[in-house]
Amino acid sequence: MSREFTTAELEAYLDEALTPEEMAGIERVLRKRPELLRQLSAIHSRRDAGVHTLGEIWRRHRISCPTRSHLGSYLLGALSAEHADYIKFHLEKAGCRFCQANLEDLRREQSESNEAVVSRRSRYFQSSAGYLRNDR
Ligand SMILES: [Zn+2]
């Protein structure tokens, strides 16, 4: 599972010259091993000056994004440490804009739903307070 990849294999990956199964196999390993991404990044920058950062490689090769529900669990701190680390890496090191936007949206949704609960509660208390006053 954590076998080493040859430079030739990694170059073929960058060229998207592998079968979909082979591409998926490399991506699975890349997700677990950030140092392989650095290796890819080094190969790539030796070959052309177009792509420099891990984030660009990540985006360019579309290594799978976490699902929205996983991002939601991440926000709530409900994931295993390993899973949370992967998402943190994806958001911060790989700098996936798509997931960053998704997370921002989820954060807004959560705080809006909290506000809605608070305002419903305060309406409820106001009306029952009014009711109690009138009843006295
Ligand atoms: Zn993403």
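Descriptive notes on the structure:
- Taking all protein chains into account, the per residue accessible area for the range 75-126 stands at 74 Å² (1.4 Å probe).
- Residue-wise HN-Hα coupling along the range 79-95, computed from phi with Karplus coefficients 6.51, -1.76, 1.60 (Hz; x: Gly, Pro): 9, 5, 4, 5, 5, 4, 4, 4, 5, 4, 4, 4, 6, 9, 7, 6, x
The values are calculated or read from the model by the stated rules, or taken from the named source; none is laboratory data. It should be emphasised that the depicted structure is a prediction, and the values quoted were computed from it without experimental measurement. Surface accessibility is based on the protein's heavy atoms, side chains included, excluding ligands, DNA and RNA. Shrake-Rupley method; radii C 1.70, N 1.55, O 1.52, S 1.80 Å.
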